[in-house]
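Just so it is clear, none of the values below were taken in a lab; they were calculated from the coordinates. Keep in mind the model is a prediction, meaning the values are calculated, not measured. For neighbour counting, all protein chains shown are included, and Cβ atoms are generated from backbone atoms with ideal geometry for every residue, glycine included.
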């Protein structure tokens, strides 16, 4: 069984970072050289054009924890990230299924990140039986969802789109299967949606 987790960090982008995205490169170079870092993406939220995203696939959670616990290395990383920060940074880890690293979705022109929180009275089993139903999307081609490691009642749903407008058109297009799926989904969870254009980092 895969131990891969995807870290999703976000923060208000500084004016300098909005103007020049390359100022994050020193931090990305350090992260890319860290043990267990498999893939790294960066981006800015489409809706507000202000929220920065850093998405990292780690071989296992312990690899990221080792970096955090290495005070010298983590302080160095914090210093390199500081010019990009316009406010506090938040992060969490997601164990995606059935595809641990949703490459197809993260490498799309626009990536949807939907935070899904269980409604009162609904259980993890209720949601997981629905969202990971192998009859719906056994290979994660349509979408991929994962449990947030740090929060018992929270999941992240991700899907690649050609554009934010394409997502809106699909949602309002009257496709019976989509309407049925979304209706059933909203009976289980409260959803908050954002989109970002992610760029894969290469050294």
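Tell me the label-point distance for the pair residue 47, residue 1, using the 7 Å Cα-to-Cβ offset, in nm and rounded to one decimal.
Distance between the two pseudo-spin positions: 3.3 nm.
Plugging the Kirkwood radius over Cα pairs into Stokes-Einstein for region 127-203, at a temperature of 20 °C and a viscosity of 1.002 mPa s, what D comes out in µm²/s?
Translational D for this selection: 150 µm²/s.
Roughly how many nanometres apart are two label points built 7 Å out from the Cα toward the Cβ at residue 104 and residue 82?
With each label point 7 Å from Cα toward Cβ, the separation is 4.3 nm.
Compare 190, 63, 175 in a GNM of the chain, Cα atoms joined below 10 Å, and give the one with the largest fluctuation.
Of 190, 63, 175, the most mobile in the Gaussian network model is 175.
Using a Gaussian network model of the chain with C-alpha springs under 10 Å, which one of 114, 13, 66 is most mobile by mean-square fluctuation?
So, out of 114, 13, 66, the one fluctuating most is 66.
Let's test the formula: R0 of 41 Å, r as the Cβ-Cβ distance of residue 163 and residue 128. What FRET efficiency results, to the nearest 0.05?
0.85
List the equivalent ellipsoid semi-axes of region 5-94 in whole Å, largest first, each obtained as the square root of 5λ for an eigenvalue λ of the Cα gyration tensor.
21, 14, 11
With springs only between Cα atoms under 10 Å, which of 145, 32, 166 fluctuates most in a Gaussian network model of the chain?
For the chain, modelled as a Gaussian network with Cα springs under 10 Å, the answer is 166.
How would you classify the chain from its alpha-carbon gyration tensor, with a ≥ b ≥ c the square roots of the eigenvalues: rounded for a/c under 1.5, else prolate if a/b is greater than b/c, otherwise oblate?
Prolate, since a/c reaches 1.5 and a/b exceeds b/c.
For a Förster distance of 41 Å, can you work out the FRET efficiency between the beta-carbons of residue 135 and residue 59, rounded to the nearest 0.05?
0.85
Do the sum for the chain: with -39,500 (n - 2.57) for every DSSP H run of n ≥ 4, divided by all residues, what is the mean residue ellipticity at 222 nm, to the nearest 500 deg cm²/dmol?
-9000 deg cm²/dmol
So if each residue of separation counts as 0.36 nm, and I subtract the Cα-Cα distance between residue 91 and residue 71, what length gain in nm does that give?
Once the chain is fully extended between residue 91 and residue 71, it gains 5.4 nm.
For the residue pair residue 9 and residue 203, what label-to-label distance in nm results when each label sits 7 Å from Cα along the Cα-to-beta-carbon direction?
1.7
Once you have a ≥ b ≥ c as the square roots of the Cα gyration tensor eigenvalues for region 42-97, tell me rounded if a/c is under 1.5, and otherwise prolate or oblate according to whether a/b is larger than b/c.
Verdict is oblate for region 42-97.
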